[in-house]
Amino acid sequence: MKDKLLNSVKVSWPYLLTLIIGLYLAEILAGSVMALSHYKLTFADHMPTVLKQLALHPWHYYNLYLGQKNPVLIIVSIAVVLYTIYFALKRNSKHKAWETADTETHGSATWGNVKDLLTQYFTISSKDLSSQFNESLNSDVIKQLQDKGEQK
C-alpha cells in the first residue's frame, strides 16, 4: 500500500507541478490584464507594483479573480488543466507503447542469435566477397591514382 502510494506520487508529481505553475502564470496574466484595464495609459508606472503583489500573493488573487468570474483567468486555467491532462495521457500512452512481452524484445525487434545472423546477413562467402570487390574496382582509376602518388 505504501509502495503503491509512493509510486503514484512519483508518477504524478511532474503533472501536479505543471498544473500549479500553469495556474500561477494564469493568475499573473489575469492580474496583468486587470491592471491594464484599470490603469490604461499609466500601466507601465504601476506594473512593477502589480506584478510584485500578484507574485507574492497568488492564492489570494486567484480566488479573487475566480470569485469575480474573470474570463481571462477561467479560460487560461481551463487551458492549463486540459494541457496537463493531455500531456499526462500522451506520456502514459507513449510509455505503454514501449512495453513488451516477456520475451527479450523491444518493440517488434528481436535479439538475433549467431545462426540468424549467418543465414540472414552473411550469405555471401569470403571468396565471393573478394572476387566481387576486385571486379567492382576500375583498374584504370587505380592506375591513375598510383601515377599521381608517384608524381608527388
Which length gain, in nm to one decimal place, applies between V11 and H60 when the Cα-Cα distance is subtracted from 0.36 nm times their residue separation? 14.7 nm
What the 10 Å binned alpha carbon P(r) of the stretch 43-85 shows, as percent of pairs per bin from 0, is 26, 43, 28, 3
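Here, each number is a calculation from the coordinates, and none is a lab measurement. No experiment lies behind these values; they were computed from the predicted model shown.
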